[in-house]
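Below is one structure; the comments refer to it alone.
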Amino acid sequence: MQNNTFKNIWFDYKSEVIFGVVMVAVVVLSSYLAQFIPDDIYDRVLTPTFNVGTFTAAFACAWITFRHVEHLRIRRAWGYALLIWGLGDLSYFVCYVLAPMQVMNMGALRISTYELLIGNLLGWVMVLYPTETLRPGWLTWKTVLWQLLPMIALVALDYVIPYSLRLLIALYPYALLALVLTHIRRYQKWCEDNFSTLDNMDVQWIIRYCIMLAIIGVNYVNICVASGHTRGFTQQWFVIVMLVYSTEQILYRKDPWQRLRTIEPEAEPTEAEQPNAAYKETLETWLEKDKPYLNPDFQLMDLRQVLPLNRTYLSRFINSEYGCSFYQWVNRLRIEEAKRLKMEHPEWKAQDIAERGCGFSSRQAFYRTFLRETGQTPSEWWSTQNTPQ
């Protein structure tokens, strides 16, 4: 059982583990190679080049994002974050060219309050996207200002009181990120209660995004406390990669909250919508006859074709009658369909079954779900069916 649990976790998060390991390895290698770059080459050539690349990438990605915003708040939040980042780097470049100005004291052993404030503002900007993803509608100008107030208060206090608050200031962006991460499970459960396929709307992308944010945060601390001009080399190119990669991913992801809002506005359930004993029989008759779960886009609201319930009662009905979320329930039906096909066509291989879909959006989703539900891979399950009892 423990081995199966490990398999499930690996199947669910192996891409995130691999992504994190690769990113860390590349950053460590880059930091090592950066020490061989002459300081004068880095200061006069690489720094302005990377700086131009950063604000160019930020503005270009913002332009693309706003062109494809499609009335999605989640994309609008990302577009504004890109604009703020681009304006910040453009201002630094203007100061660098017109009136050389050392924003970062690269050789300092201590980070200044000003440096911390700049880093915190950029860190806060990058938290806007996952906040809007996991808590749609919560992010407003008012809540944004409330998020900034503790940071401003800590900076002000650091100038007034005789004790240093630099550590608290440095940790504040991580507190915001930790607060965002506490909503991942709630978001995942909401998706599972409404959709049968979680591709492009699950939490894996948020995890990868947070991995990149964590790497940028660690690099920023290194920039502030380490010695040597080239310590910013890794941070500069990694930010460019993150901005471009994140924009591509965000434009590719779906917004499940928006999909449901276009189907039915949230409404309070009425007495006439109370489920009754005949609903389960009606539902299962429909499932057996039409097999709607074979459609990869099958979702909770599709049940309204046979059940006169709103979304709240539909979700409660599935949870109470089948003891699981809508996502788990539908995927169990799909697994049973796959088993039925194998029994009817014993000559088919697991890959043949997966290619026929059975309602799964991909072969990877089929294998992952089969392992989670049965504790065995499809091939292992097929072999047990042919083993004499």
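Every number here is computed from the coordinates shown, using simple stated rules; none is lab data. A quick note: this is a predicted structure, and the numbers were derived from the prediction, not measured. For neighbour counting, all protein chains shown are included, and Cβ atoms are generated from backbone atoms with ideal geometry for every residue, glycine included.
Of the chymotrypsin sites (Phe, Trp or Tyr not before Pro) found in the range 147-219, those in coil by DSSP whose Cβ has at most 10 other Cβ atoms within 10 Å are TYR163. By its C-alpha gyration tensor, with a ≥ b ≥ c as the square roots of the eigenvalues, how is the range 289-380 shaped: rounded for a/c under 1.5, else prolate for a/b larger than b/c, else oblate? Prolate, since a/c reaches 1.5 and a/b exceeds b/c. Each of the peptides 290-301, 343-354 was scored by the mean count of other Cβ atoms within 10 Å over its residues; in descending order, highest first, they stand as 290-301, 343-354. Straight-line cross-link reach from LYS291 at under 21 Å between alpha-carbon atoms covers these lysines, not counting any fewer than eight positions away in the same chain: LYS280, LYS339, LYS342.
In straight-distance terms, cross-link reach from LYS142 covers every one of the lysines whose alpha-carbon lies under 30 Å from its own, apart from those fewer than eight places away in the same chain; here that gives LYS189, LYS254.
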